[in-house]
Amino acid sequence: MATTESSLPIARRSVWRDDCLELVCGIANAGGGRLILDADVDSRGVVKRKTNRVMRSIPGAISQALDLTCAIELVLDGGRFCLEVVIPPASEPISYRGAFYFYQDGTNRILDGDALDRLLQPELEPDIKWETRPVVQASLDDLNLNLVARFTGTSRDTDLVTALDEASAIEEDLRHAGLMTGVGTPTNVGILLLHDRPHQYIPGATVRIGFFGGRGGTPIFEDEIYGSLIEQVHATVETLYDKYLSDVTGQEDGISTYSLRPGTPPRDAVHEAVLNALAHKNYDSGTPVQVSVFTDRICIDNVGRPPRTWTVSALLGRHTSRPNNPTLVAALRRLGVIDGWGNGIGSMRLLCMEAGAAEPSFELRDDETMVCFPLDTDSMLTSSIANPHPIANHPPARTELPEVQATARAVALQQDTSLTLNDEKVLAMIDIDGRLTAPRIAKNLNISESTVRRSFRRLRELGLVERVGSDKSGFWQVK
């Protein structure tokens, strides 16, 4: 019986009376909303004594009667000053004087029978998703207006006071995108994308980086990254490459110079992995995304995983976008941060191939997803870190082949032949991007163009790929 963010109820009363507590109870059970009351304000905009007294008494009365924390403030509503009581959704059904109220379509009614059963058994009704839950402690004014302007496409000086009509247009845009509720409070996604310190409202909305050397347990040193989601992505990658993956290589004019250690994965691939972890994380868990740096690998781990029917091979193959946080992903797509086509894994693999780096490995657990990038073990502080109990000096083995590669081997076996290692590598690359040319693949795999073209012919003869379109403008399609 929960409402969506676009239909959160608004009730209006002239004055605060005892029956307003029934309204608050009903609105909270309906998923949250607001109660608008008339306010006495003089010609200078100063609240009169009676209204001021009511403002101070209402939050306490609600807290005592319903155990709810409600915000109240003076607002302009239709050109008039009013009191706005912002009512959060009840975490579980609440009653007032033994009755369970539910506010819907302008009517506050007492529930009984089947309607009461559905309210008291929320598993029978879809829950309010994490993304659309209102953060009642915050408002538009608490958001980073530069980020808001970037999202809404407005151009404005953040030092200026936002005009009421402009603020209304911005709020409408944010509501349409699911970043603000119908009562003018940001949603969790709005806070995550547009607030400078989302962890103040969303537990665990940070990234933790730790260096563990050659052993597990307690990190040798660590950092925690704060900020809006996009800022977390950039700051995490910068911190990793500047502090965790760089060595001092000399002095120039008394200033130390640094360079990346050999075998370091490409920055863009790690950027994509961190972005994926933050975009698809289960934020209800309250657990930060964790980036663990060892002497032989970087592992990025987030609580949350693709559909349970997916295996690692399905994850590595071509697949549709199935985000855990569709509103968040849609907002990131609007910002141009992701494409929303489920290409993140393929992009990581291709970036590593193009850089001549080892391909990352992936692991799906019951409620977690991990991606690990191998590192050059000879360059990761091994000479300066005592290592009495070394961990395995190789990344976690991928236990499953990509689906396309496993299928290709089976097809070749049925025809009493086999694929070369180069055949499999070429197939993996064109499965990620069918528009890759032979020269580009040859450069990435460090083999000749003629070898790549032989693989093309062999894969086509086995019926594993076909050419769609002309040689100049077409592409390879994996069957």
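Calculate, for Thr417 and Glu466, the FRET efficiency according to 1/(1 + (r/R0)^6) with r their C-beta to C-beta distance and R0 25 Å; round to the nearest 0.05.
Efficiency at R0 = 25 Å is approximately 0.85.
If you take the beta carbon distance between Gln137 and His234 as r and set R0 to 25 Å, what does 1/(1 + (r/R0)^6) give as a FRET efficiency, to the nearest 0.05?
The calculated FRET efficiency here is 0.40.
Ignoring everything but the protein chains, give the 1.4 Å probe accessible area of Thr132 in square angstrom, nearest 10.
30
With a 10 Å radius around each residue's Cβ, average the other Cβ atoms per peptide and rank 408-421, 49-62, 322-335, highest first.
Going from most to least packed, we get 322-335, 49-62, 408-421.
Treating cross-link reach as a plain straight distance, find the lysines whose alpha-carbon is under 28 Å from the alpha-carbon of Lys443, omitting any fewer than eight places away in the same chain.
List returned: Lys425, Lys472, Lys479.
If I take R0 = 41 Å and measure r between the Cβ atoms of Arg13 and Asp196 in this structure, what FRET efficiency does the formula 1/(1 + (r/R0)^6) give, to the nearest 0.05?
0.70
Where Rh denotes the Kirkwood radius from the mean inverse Cα pair distance, what is Rg over Rh for segment 77-119?
We get a ratio of 1.10 for segment 77-119.
Using a 1.4 Å probe and ignoring any ligands, DNA or RNA, find the accessible area of Arg460 and quote it in Å² to the nearest 10.
120
Residue separation times 0.36 nm, minus the C-alpha to C-alpha distance between Ala71 and Ala115: what's the value?
13.0 nm
How much length is gained on full extension from Ser57 to Tyr226, taking 0.36 nm per residue of separation minus their Cα-Cα distance?
Working it through step by step, the gained length comes to 57.2 nm.
Using alpha carbon coordinates only, what is the Rg to Rh ratio of segment 50-111, with Rh defined as the Kirkwood radius?
Radius of gyration over Kirkwood radius for segment 50-111 works out to 1.01.
What distance in nm separates the simple spin-label points at Val41 and Arg150, each placed 7 Å from Cα in the Cβ direction?
In this crude label model, Val41 to Arg150 measures out at 3.4 nm.
Could you pull the accessible area for Arg150 with a 1.4 Å probe, rounded to 10 Å²?
In the full protein context, Arg150 sits at about 130 Å².
The values are calculated or read from the model by the stated rules, or taken from the named source; none is laboratory data. Values in this document were obtained by computation on a predicted structure and should not be read as measured data. Cβ sites come from the backbone with ideal geometry, for glycine too, and all protein chains shown count toward neighbours. Each accessible area value is taken on the protein alone, full model and side chains, heavy atoms only, with ligands, DNA and RNA left out. Shrake-Rupley method; radii C 1.70, N 1.55, O 1.52, S 1.80 Å.
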